[in-house]
1. Just for region 117-140: of the residues that are loosely packed, with under 15 Cβ neighbours inside 10 Å and in a loop (DSSP other than H, G, I, E, B), which one is modelled with the highest pLDDT?
2. Take the residues of region 81-93 that are without any contact (Cβ under 8 Å) to a residue 60 or more places away in the chain and touching a helix residue (DSSP H, G or I) at 6+ places or on another chain (Cβ under 8 Å): which is surrounded by the fewest Cβ atoms within 10 Å (Cβ to Cβ)?
3. Report yes if residue 130 is out of contact with any Cys (no Cβ under 9 Å at 6 or more places or on another chain), within 14 Å of residue 17 (Cβ to Cβ) and in contact (Cβ under 8 Å) with a residue 24 or more places away in the chain, otherwise no.
4. Among the numbered criteria (1) of a type in the set (S, T, N, Q); (2) modelled with pLDDT under 70; (3) within 22 Å of residue 29 (Cβ to Cβ), which one does residue 58 miss?
5. Find the residue count for region 95-116, including only residues that are part of a helix (DSSP H, G or I) and free of Cβ contacts under 8 Å to residues at least 12 places away in the same chain.
6. Pull up region 1-30, narrow it to residues that are surrounded by fewer than 21 Cβ atoms within 10 Å (Cβ to Cβ), touching a Gly at 6+ places or on another chain (Cβ under 7 Å) and not polar (S, T, N, Q), then point me to the one that is modelled with the highest pLDDT.
Amino acid sequence: MNVALGRVLYAHALNAAPRLALGRFALLGGLLGDPRLGMAGAFLSLGRVLPERYPLAQDVQRYIAAEHRMGRMLDYAVIVPRLQRLYEWSAEELGEPRLLELVREGNPIYAWPFEERHVWCSPEMPIAARILERATSALS
């Protein structure tokens with residue numbers, strides 16, 4: 001559920017706050033976030049992320065490992081590094097301050113405890129993901 005919420009908030013930011021979503025590539029936000037072009041739908045595809053039932057029947061690491069490679073790369077390289085700011089912006093933009101109760105120190109905590117935040121760290125990101133993270137990071 002944390003992945004789904006994070007992706008939905010990010011998809012909204014692609015259009016409404018492209019600099020937050022894409023850093024120096026902000027000009028691409030409208031194109032990538034336009035649902036008529038299919039990019040947002042592809043990005044929001046949660047085919048292997050959402051389990052069939054709750055509570056989870058397996059260790060969360062198995063669900064993460066089964067995620068589509070591109071989705072996982074976007075989650076860890078693009079969304080997670082800006083997650084705290086994304087939730088803060090979304091709470092203000094949507095007029096829903098309770099969103100801030102779902103993130104702590106940049107870690108999503110809706111349906112997952114803060115103490116288990118290690119799942120949001122990916123020490124083995126491929127080089128392409130590290131390049132993507134750096135390329136889309138906010139300009140200083």
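The values are calculated or read from the model by the stated rules, or taken from the named source; none is laboratory data. This one's a predicted model, so the numbers in the text were calculated from it and none came from an experiment. Neighbour counts are summed over all protein chains in view; Cβ atoms, including those assigned to glycine, are modelled from backbone coordinates with ideal geometry.
1. 126
2. Filtering first and then ranking leaves 88.
3. Answer is no for this residue.
4. The single condition residue 58 does not satisfy is (3).
5. 5
6. Looking at the filtered set, the residue picked out is 18.
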